[in-house]
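The values are calculated or read from the model by the stated rules, or taken from the named source; none is laboratory data. Remember, it's a predicted structure, so these values are computed and weren't measured experimentally. As a convention, Cβ positions derive from the backbone with ideal geometry for all residues, glycine included, and neighbour counts pool all protein chains shown.
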Amino acid sequence: MILLQSHSRFLLQTLLNRVQNLEKSVELDYHWVEFDDVRYHVQVSMKNPHILLLSVSLPTPPLETVFLGGLPFGAIEAIKSAYGVIVQILDPPRDGFNLTLKLNLSKLPPDEEYRHALLVKVASVREVVLGAPLRVILKYLASRTIAPDIDRLVALVHRPNESFFLLPQQAEKVTVVFPMRFKDSIDTVLATSFLQEFVESRRTAGLNNAPPCLWSHSPPLELKGATDDALSANAGFVTFGNITRLEFLFPFLVMLLILQTRLCVMNAVIFPRHVEGKKLDRTVWNLSTFHAYVNYHVKCSEGFMHTRMRRRVESLIQALNRAKPDQEKTKKAAHTRSFKRLSLKESRTNSNS
């Protein structure tokens with residue numbers, strides 16, 4: 001089972017290297033892209049080696065998603081709460097980016113463990129920004145209240161021009177709906193077959209405690225009012241209910257992906273017990289990256305099947321090669337034959353005998 005980490009490993013390594021060499025005036029200028037089209041840019045100048053500029057570009061939001069100043073609602077407050085005085089938000093951000101943070105590395109705490117934890121949090125800026133609206137709603141769920149001034153249907157971006165939906169309509173639960181799309185036709189078939197097995201496999205002995213789920217071709221009634229583009233899922237809809245442990249969902253997915261894995265919508269019901277205490281951050285990250293998680297394991301399943309097919313073809317080719325006659329030995333035997341020329345007397349003697 002592979003669970004995606006909330007922090008960017010390359011960004012964390014860059015921050016750690018920079019902190020360990022603060023006295024060295026080294027210029028940095030790094031660009032890279034991570035999954036779901038989240039782009040990063042890190043800059044450090046030789047004049048100010050203690051100052052690091054971190055710019056982040058988020059996936060292009062669809063029309064149904066609400067962005068305020070280029071960021072999801074609640075993102076500014078989440079950044080200030082997570083990073084405190086070591087981070088300053090630059091307004092406007094660098095061209096081509098949604099957010100630019102100015103990090104003063106000289107203000108990091110002296111305690112090594114606390115400093116490392118803070119750098120990991122900085123490297124998790126993707127989770128802090130994209131998960132901000134989800135975190136706001138789930139905090140109200142933890143307190144068993146309904147978030148004020150929140151629409152009945154909230155769309156949150158998680159991939160370029162794609163969103164998933166929250167329905168914070170009750171104080172005791174929040175419904176999360178994932179329209180899952182795959183561009184590749186093979187991935188679509190694999191994912192659809194997998195999600196159908198997701199429903200059927202719960203009847204297997206030993207999986208009775210798995211989250212109950214339903215699969216249907218039509219969208220769930222909770223998405224009434226959403227646009228047609230937002231619901232462009234043509235392989236059915238899967239609904240989860242009465243989930244006792246959200247973290248149990250993902251190992252269950254992996255186990256089913258080895259069976260077989262089309263485009264569909266996932267519907268999960270989140271209860272207060274899923275977001276209590278430290279579970280909140282894990283739940284926010286798992287929901288924000290659910291599509292990437294499924295897509296990753298669909299690709300792994302596809303790669304596994306390709307490997308098995310290649311091995312089978314290689315074994316068949318070897319069997320065919322073994323069935324061929326050894327032409328080189330046949331030619332060699334024909335060339336090594338020798339004949340003795342008999343004299344006339346010897347030929348008469350042999351004929352009389």
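Odds and ends about this structure:
- Selection of region 31-55 for residues being assigned to a strand (DSSP E or B) and closer than 19 Å to S163 by Cα yields E34, V38, R39.
- Selected residue (criterion: surrounded by the fewest Cβ atoms within 10 Å (Cβ to Cβ)) from residues of region 83-103 that are in a helix (DSSP H, G or I) and of a type in the set (A, V, I, L, M): V85
- Residue among V157, V120, V189 that is modelled with pLDDT under 85 and either touching a Leu at 6+ places or on another chain (Cβ under 6 Å) or on the phi < 0 side of the Ramachandran plot (or both): V189
- Test: T307 is at pLDDT 85 or above and part of a helix (DSSP H, G or I): yes
- Any hit, region 146-162, residues being within 26 Å of the chain's Cα centre (by Cα) and basic (K, R): yes
- Among the residues of region 134-143, at least one is surrounded by 16 or more Cβ atoms within 10 Å (Cβ to Cβ) and either closer than 26 Å to L16 by Cα or of a type in the set (K, R) (or both).
- Yes/no for H31 being surrounded by 14 or more Cβ atoms within 10 Å (Cβ to Cβ) and farther than 20 Å from N286 by Cα: no
- Residue check, V26 β-branched (V, I, T) and in contact with a Phe, Trp or Tyr (Cβ under 8 Å, 6 or more places away or on another chain): no
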